[in-house]
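S.K.: Take a look at this one; I'll ask things after.
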Amino acid sequence: MHALHASYAYPEVQMLIGGQWRKAAGDPVIDPSNGEIIGTVPRATERDLNDAINAAAAGFRAWKMTAPAKRAEIMLDAISLIRERVPEIAHAIALEQGKTMAQARAEVLRGCDLMTWDANEGKRLYGRVVPAEHGMRHTVIREPIGVIAAFTPWNFPMSSPARKVGGALAAGCSIILKAAEETPAGAMLLAKAFKDAGLPDGVLNVVYGDPAMISAHLIASPVVRGITFTGSTPVGKHLAGLAAKYMKPAILELGGHAPVVICEDADPEKAAIACIKGKLNNAGQVCVAPTRFFVHADVYEAFVEAMQRNGSQVRAGGAMDPDSDIGPVVNRRRFDAIDGLVKDAIERGATRVCGDEPAAGSGFVYPFTVLADVPDDARAMHEEPFGPLSLIVRVSDIDEAIARANSLPYGLAGYAFTTSAANAYKLSNELEVGNLAINHLVSAVSETPFGGVKESGYGREGGIEGLECYTHVKSISHLMDWA
């Protein structure tokens, strides 16, 4: 099995607490390409969590007093180790999550890019001096919040933890990372690189286990001073309530259902090819995946035809199959959820443009599927599919497209294709999203902030705004000649 990559066995997953690796009984890790058990993820006890809290408190005291340039040096050393280990890490996350090897390698490198920017930008978390009368000085400084409890999802086993670890450590915080049980190896291998690079004990801790128990225990601890979570809106609302109960700030990057507006002046062929490439990432299991396509009537037929012709060439298969364009979805629940949404939409009048019925006995592989003429009452138009499903809707003008795009409570990412400056201006002002990409499908890069509006969350990751979310502001007023 997986003969092309036999040199890399799936690693033994352990927790990292206070600089020490810790084993524990746990639950199976499943390879979604074939449904086989490939490892075990440990389950933290309350004692493990208390040890992690105490370690993170000690780690914060040391890390806060470490010069920003030294913090950056350690972080960059760890990132260099990760770059050297790309084949090993990519193999592990492809096995546990199901993305293709090419996408797994790209994820690891993207995580490195995110942390590299954070490490360097951490040296520029500037304060300011506020003008005052003679003998008085007002200064404003940014200080690290303290111990951070971070919760990451299964869809990006390495780069999602990298976002949170990079931001927190660059700002001077320590962190307890509760990584996803379905895909635990990415976070552990990330932490291993930091440990090998000489990160002080306790600055980065990694635990796994019962999400409800761990989140309740960590957020209630007076040692933990900030929360960051990436995941579904319902869970985000629950964690926001816990954070509010204990008066702790939270960064919440929650669900999306990304609209794509195809204007009448767009090239339907180029737009379709770009959208398909964007949807292939992680088999559509991305919170910013393009999903609801609102296409002007003038180019609707041409766009649907281009999606059918190009989309029919997408090959879905096992993660380790070099011919696969997309791998499987993560588990049976996700597979069944997507299939249910497709069947519901077709029953309500949607037309299947491409994507055959799923083949039996192929793990959790779901074919790349495009539906046209999708009615508003189809469940998929309101429930985020989180899989390789695209929904195409005809609109009469840009105002209708914007109104329908904004009709859901989500507002994470949005996309548009147009050559009109007037259309681009209108879309920029009126689409209710935290990130808008025009004529391409990259919603954010390392240098720019990423996050949502409405029920897609608050706070930002990436960019200077992302680092600032891990700090609080202190204002100091000093009367010089007091005696």
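S.K.: Can you spot a residue in the range 332-340 that is crowded, with 16+ Cβ neighbours inside 10 Å and in contact with a Leu (Cβ under 8 Å, 6 or more places away or on another chain)?
M.R.: Scanning the range 332-340, I find at least one residue that is crowded, with 16+ Cβ neighbours inside 10 Å and in contact with a Leu (Cβ under 8 Å, 6 or more places away or on another chain), so the answer is yes.
S.K.: Restricting to the range 450-469, what's the tally of residues that are at negative phi and either surrounded by fewer than 18 Cβ atoms within 10 Å (Cβ to Cβ) or not in a loop (DSSP other than H, G, I, E, B) (or both)?
M.R.: Adding up the residues that qualify gives 9.
S.K.: So if I check each of 410, 470, which one is under 30 Å from residue 175 (Cβ atoms) and assigned by TED's automatic domain parsing to the domain that holds residue 236?
M.R.: 470
S.K.: Looking at the range 107-119 only, could you name the residues that are within 14 Å of the chain's Cα centre (by Cα) and more than 11 Å from residue 163 (Cα to Cα)?
M.R.: Result: 107, 108.
S.K.: Would you confirm whether any residue within the range 128-136 is in a strand (DSSP E or B), touching a residue at least 60 places away in the same chain (Cβ under 8 Å) and either hydroxyl-bearing (Ser, Thr, Tyr) or not assigned by TED's automatic domain parsing to the domain that holds residue 332 (or both)?
M.R.: Yes, the range 128-136 contains at least one residue that is in a strand (DSSP E or B), touching a residue at least 60 places away in the same chain (Cβ under 8 Å) and either hydroxyl-bearing (Ser, Thr, Tyr) or not assigned by TED's automatic domain parsing to the domain that holds residue 332 (or both).
S.K.: Which residues, counting only those in the range 298-317, are surrounded by 21 or more Cβ atoms within 10 Å (Cβ to Cβ) and touching a Ser or Thr at 6+ places or on another chain (Cβ under 9 Å)?
M.R.: 304, 307, 311, 316
S.K.: Kindly evaluate residue 199 against the criterion of being assigned by TED's automatic domain parsing to the domain that holds residue 80, farther than 25 Å from residue 247 by Cα and touching a residue at least 60 places away in the same chain (Cβ under 8 Å).
M.R.: yes
S.K.: Follow-up question, since we're still on this one. Against the conditions (1) touching a Lys or Arg at 6+ places or on another chain (Cβ under 8 Å); (2) aliphatic (A, V, I, L, M); (3) in the same structural domain as residue 119 (by TED's automatic domain parsing), where does residue 480 fall short? Just the number, please.
M.R.: Of everything listed in (1) touching a Lys or Arg at 6+ places or on another chain (Cβ under 8 Å); (2) aliphatic (A, V, I, L, M); (3) in the same structural domain as residue 119 (by TED's automatic domain parsing), residue 480 misses just condition (3).
S.K.: Quick check: is even one residue across the range 242-256 out of contact with any His (no Cβ under 9 Å at 6 or more places or on another chain), without any contact (Cβ under 8 Å) to a residue 40 or more places away in the chain and closer than 19 Å to residue 350 by Cβ?
M.R.: Within the range 242-256, not a single residue is out of contact with any His (no Cβ under 9 Å at 6 or more places or on another chain), without any contact (Cβ under 8 Å) to a residue 40 or more places away in the chain and closer than 19 Å to residue 350 by Cβ.
S.K.: Do we have residue 22 as of a type in the set (Lys, Arg), under 20 Å from residue 185 (Cα atoms) and touching a residue at least 24 places away in the same chain (Cβ under 8 Å) here?
M.R.: yes
S.K.: Let me ask another. Inspect the range 292-314 for any residue being assigned to a loop (DSSP other than H, G, I, E, B), within 27 Å of the chain's Cα centre (by Cα) and more than 21 Å from residue 160 (Cβ to Cβ) and give the result as yes or no.
M.R.: Yes, the range 292-314 contains a residue that is assigned to a loop (DSSP other than H, G, I, E, B), within 27 Å of the chain's Cα centre (by Cα) and more than 21 Å from residue 160 (Cβ to Cβ).
S.K.: Looking for something surrounded by 22 or more Cβ atoms within 10 Å (Cβ to Cβ), in contact with a Cys (Cβ under 9 Å, 6 or more places away or on another chain), assigned to a helix (DSSP H, G or I) and assigned by TED's automatic domain parsing to the domain that holds residue 196 - is there at least one such residue anywhere in the range 99-106?
M.R.: Looking through the range 99-106, none of the residues is surrounded by 22 or more Cβ atoms within 10 Å (Cβ to Cβ), in contact with a Cys (Cβ under 9 Å, 6 or more places away or on another chain), assigned to a helix (DSSP H, G or I) and assigned by TED's automatic domain parsing to the domain that holds residue 196.
S.K.: Can you tell me which residues in the range 32-62 are assigned to a helix (DSSP H, G or I) and of a type outside the set (D, E, K, R)?
M.R.: 49, 50, 52, 53, 54, 55, 56, 57, 58, 59, 60, 62
S.K.: Between a residue in the range 327-350 that is under 13 Å from residue 35 (Cα atoms) and any residue that is of a type in the set (Phe, Trp, Tyr) and assigned to a loop (DSSP other than H, G, I, E, B), which pairs come within a Cβ distance under 6 Å, given they are 6 or more apart or on different chains?
M.R.: Going by the 6 Å Cβ cut-off, the qualifying pairs are 328/364; 329/364; 329/366; 330/154; 335/364; 335/366.
S.K.: Still on this model: Restricting attention to helices (runs of 4 or more DSSP H) lying wholly within the range 151-260, give those where 1 or more residues are over 28 Å from residue 12 (Cβ atoms) and under 18 Å from the mean Cα position of the chain (by Cα).
M.R.: Filter on the range 151-260 gives 159-171, 233-245.
S.K.: Please go through the range 29-58 and pick out each residue that is in contact with a Pro (Cβ under 6 Å, 6 or more places away or on another chain) and buried (at least 21 other Cβ atoms within 10 Å of the Cβ).
M.R.: 32, 33, 41 - these are the residues of the range 29-58 that are in contact with a Pro (Cβ under 6 Å, 6 or more places away or on another chain) and buried (at least 21 other Cβ atoms within 10 Å of the Cβ).
S.K.: When both residues are 6+ apart or on different chains and their Cβ atoms are under 7 Å apart, which pairs have a first residue that lies in the range 141-163 and is touching a residue at least 60 places away in the same chain (Cβ under 8 Å), and a second that is of a type in the set (Lys, Arg) and part of a helix (DSSP H, G or I)?
M.R.: Sorted first by the residue in the range 141-163, then by its partner, the pairs are 144/64; 150/164; 152/164.
S.K.: Of all residues in the range 193-208, count the ones that are touching a strand residue (DSSP E or B) at 6+ places or on another chain (Cβ under 9 Å) and crowded, with 22+ Cβ neighbours inside 10 Å.
M.R.: 8
S.K.: Restricting attention to the range 2-24, and to residues there that are at pLDDT below 95, surrounded by fewer than 17 Cβ atoms within 10 Å (Cβ to Cβ) and out of contact with any Asp or Glu (no Cβ under 8 Å at 6 or more places or on another chain), which single residue is nearest to residue 205 (Cα to Cα)?
M.R.: 9
S.K.: Can I ask one more? Being at pLDDT 95 or above and more than 25 Å from residue 269 (Cα to Cα): is that true of residue 387 here?
M.R.: No.
The values are calculated or read from the model by the stated rules, or taken from the named source; none is laboratory data. Keep in mind that what you see is a predicted model, and the values were worked out from it rather than measured. All Cβ positions, glycine included, derive from the backbone under ideal geometry; neighbour counts span all protein chains shown.
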